[in-house]
Amino acid sequence: MTEKVVLDRDDMRRTLVRIAHEIVEKQAEPERLAVVGIHRRGAVLAGRLAELLGDLLETEVPLGALDISFYRDDVDLRGGQPVVHSSSIPFPVEGRTVVVVDDVLYTGRTVRAAIEALFEYGRPARVQLAVLADRGHRELPIRPDYVGKNLPTSRDERVNVRVQEIDDDDRVTITTPGGPAS
């Protein structure tokens, strides 16, 4: 396996700051903004984004997390039993612009499941999507509103997002089969 670093710790921080600024710029009603992350790494990134947004808006931005395990349409294809985390949306979603955050956008199936899970909590005014990395290969007509980095990949490559809170490191890498790891 060959591994190439595409974003290091500083790159990730700058990318999240840029995304936060883009989110603020596109909000007609920033007081109605909320952020919801998809477990696991999307939830961590959502926490970081909510903090950055709070600094920019000078107010606390509501933060939630979604577990989409039981909303996926491809559980059988992924092999094994899903690891279940708890969902938490401690605010009413009605009338809000909810920014759903994920680490990597690939086929679009995770985002579809997240939207379905989110609607169990109510009907937001708008749902927007922010992703750290978009690797292409969509199977569903889903497009992010905010993208940290576009990473054109082949289907046999893997995009790995590591976050300090889970992996003791912040970086995004692309792993390619074959060859020695670097």
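The values are calculated or read from the model by the stated rules, or taken from the named source; none is laboratory data. None of the values given here were measured: they were computed from a predicted structure. We place every Cβ from the backbone using ideal geometry, glycine too, and count neighbours over all the protein chains shown.
I'd like the full set of residues that are under 17 Å from ARG18 (Cα atoms) and of a type in the set (A, V, I, L, M), limited to the range 152-172.
VAL172
Take the range 90-121 and flag every residue that is of a type in the set (A, V, I, L, M, F, W, C) and assigned to a helix (DSSP H, G or I).
Hits for the range 90-121 are VAL111, ALA113, ALA114, ILE115, ALA117, LEU118, PHE119.
Cβ contacts < 8 Å: first residue at pLDDT 95 or above and surrounded by 21 or more Cβ atoms within 10 Å (Cβ to Cβ), restricted to the range 25-50; second residue part of a helix (DSSP H, G or I) and polar (S, T, N, Q), any location; separation 6+ or different chain. Result?
What qualifies is ILE38/THR110.
Exactly one of (1) under 21 Å from GLU60 (Cα atoms); (2) touching a residue at least 40 places away in the same chain (Cβ under 8 Å); (3) in contact with a helix residue (DSSP H, G or I) (Cβ under 8 Å, 6 or more places away or on another chain) is unmet by ALA117. Its number?
(1)
Would you pick out the residues in the range 21-48 that are assigned to a helix (DSSP H, G or I) and touching a Phe, Trp or Tyr at 6+ places or on another chain (Cβ under 9 Å)?
GLU22, ILE23
Any residue in the range 98-112 that is touching a residue at least 60 places away in the same chain (Cβ under 8 Å) and either over 16 Å from ASP67 (Cα atoms) or touching a His at 6+ places or on another chain (Cβ under 7 Å) (or both)?
Checked the range 98-112: no residue is touching a residue at least 60 places away in the same chain (Cβ under 8 Å) and either over 16 Å from ASP67 (Cα atoms) or touching a His at 6+ places or on another chain (Cβ under 7 Å) (or both).
Among the residues of the range 89-124, which ones are closer than 30 Å to VAL6 by Cα, crowded, with 20+ Cβ neighbours inside 10 Å and among the polar types (S, T, N, Q)?
Residue satisfying the conditions is THR110 alone.
With more than 23 Å from THR97 (Cα to Cα) and under 15 Å from the mean Cα position of the chain (by Cα) as the only criterion, which of MET1, MET12 stands out?
MET12
Looking at ARG18, ARG72, which is the one that is charged (D, E, K, R), modelled with pLDDT of 95 or more and surrounded by fewer than 20 Cβ atoms within 10 Å (Cβ to Cβ)?
None of the other options fit; the residue is ARG18.
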